[in-house]
Amino acid sequence: MKHLKLILIGVTLIFISSACVPGIRHTLVPDYQSKIPTSVAVLPVQNETVDMDAPQLFRTKLFNSIYYKGYVSPPITEIDSKLAEKDIREAGQLNSMTPQEIGKLLNVDAVLYTTVTEWSTTYLVAYASVKVGAKFKLVDTKTGEQLWESEHAVAERRVGLDRDELIKNVAFAALKRYDPYVQNVVNTAFSTLPNGPK
């Protein structure tokens, strides 16, 4: 037992779990290419977590991802301004309009609904972890049909048993740098969405 303790001292384990592309949860309509939208509005992000920064960080990444995937999106400020005209100022109010009504208001072919499902940091002396997850849904604004849906989460766990690693774990948990995890979730989920016409 004493030898086992000596072996464990100084050991640091880092676990990063993220689904491989073939295993990403998603659905895509079989005839997507015949229904492919040109313009997609990145709607305000729904939040199932307690962190108020999560939706905005996700939305910025999503706007960039939509552009790089070959779709056109109105600027976020323009989307929010037009939604405000209908008294919609947060994601929880989006259900007061149908996708068709939103599409007509924003003059887009599809709308992207997003929900942040995981956003947490845990620190327990020798253990620290960060979890980030979200689900995405692309809906046709002419028919109301769901064209694509995906869900993904990523977690990083660190276990350190010596003094230096314990200090690193504290710093890791304290920094709460979610940005790379958000980008990972968005990139991985969007790898299942076909490129747009642009």
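Only the coordinates and a few stated rules stand behind these numbers; no lab work does. These figures come from a predicted structure and were not determined experimentally. All Cβ positions, even for glycine, are placed from backbone atoms using ideal geometry, and neighbour counts span all protein chains on display.
Length gained on full extension, residue 69 to residue 195: 44.9 nm, using 0.36 nm per residue less the C-alpha separation. Computed over the alpha carbons of region 54-120, Rg followed by Dmax gives 12.2, 37 Å. Applying 1/(1 + (r/R0)^6) with R0 = 45 Å to the Cβ-Cβ distance of residue 25 and residue 86 gives a FRET efficiency near 0.90. Charge tally around residue 117: other residues with Cβ under 9 Å, Lys/Arg +1 each, Asp/Glu -1 each, net -2.
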